[in-house]
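Laboratory data are not the source of any read-out in this text; all were calculated from the coordinates shown. All figures in this text were calculated on a predicted structure; none of them were measured in a lab. All Cβ positions, even for glycine, are placed from backbone atoms using ideal geometry, and neighbour counts span all protein chains on display.
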Amino acid sequence: MFETNNEIVVDKISKFTSGLSEMSVLVKRCKIVLGLNPTFNVCFLRRQVNEVAHALARATPSLPSI
């Protein structure tokens with residue numbers, strides 16, 4: 001699962017788009033990589049969800065090891 005807070009990127013990867021812009025070339029390459037494994041998925045997460053994940057990641061090193 002690939003998660004991003006950029007809804008435009010998710011839309012472009014999800015829908016068929018063609019073109020010669022740098023963005024179109026990158027989207028095409030992403031689709032090729034994602035096509036290598038049918039279980040790969042790209043989804044949109046709101047920025048607030050990202051902030052929670054970052055806060056948890058920052059707190060993890062301060063926790064005692066098991």
Item to check | Using θ = phi - 60° and Karplus 6.51 cos²θ - 1.76 cosθ + 1.60, couplings along segment 22-36 (whole Hz; Gly, Pro as x) | outcome: 4, 5, 4, 5, 5, 4, 4, 5, 4, 4, 5, 5, 5, x, 5
Checklist entry - At residue 26 and residue 46, where each label point lies 7 Å from the Cα along Cα→Cβ, what is the point-to-point distance in nanometres? => result 2.5 nm
Next on the checklist: What aspartates and glutamates does residue 15 reach when the alpha-carbon gap must be under 19 Å and sequence neighbours fewer than 8 apart in one chain are set aside?
Outcome noted: 3, 7
Checklist entry - If segment 2-62 were replaced by its equivalent ellipsoid, with semi-axes equal to the square roots of 5 times the Cα gyration tensor eigenvalues, what would those be, largest first, whole Å? => result 28, 13, 10
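When you count, for each residue, the other Cβ atoms within 10 Å and take the mean per peptide, how do 40-47, 3-10 rank with the highest first?
The densest-packed peptide leads the list: 3-10, 40-47.
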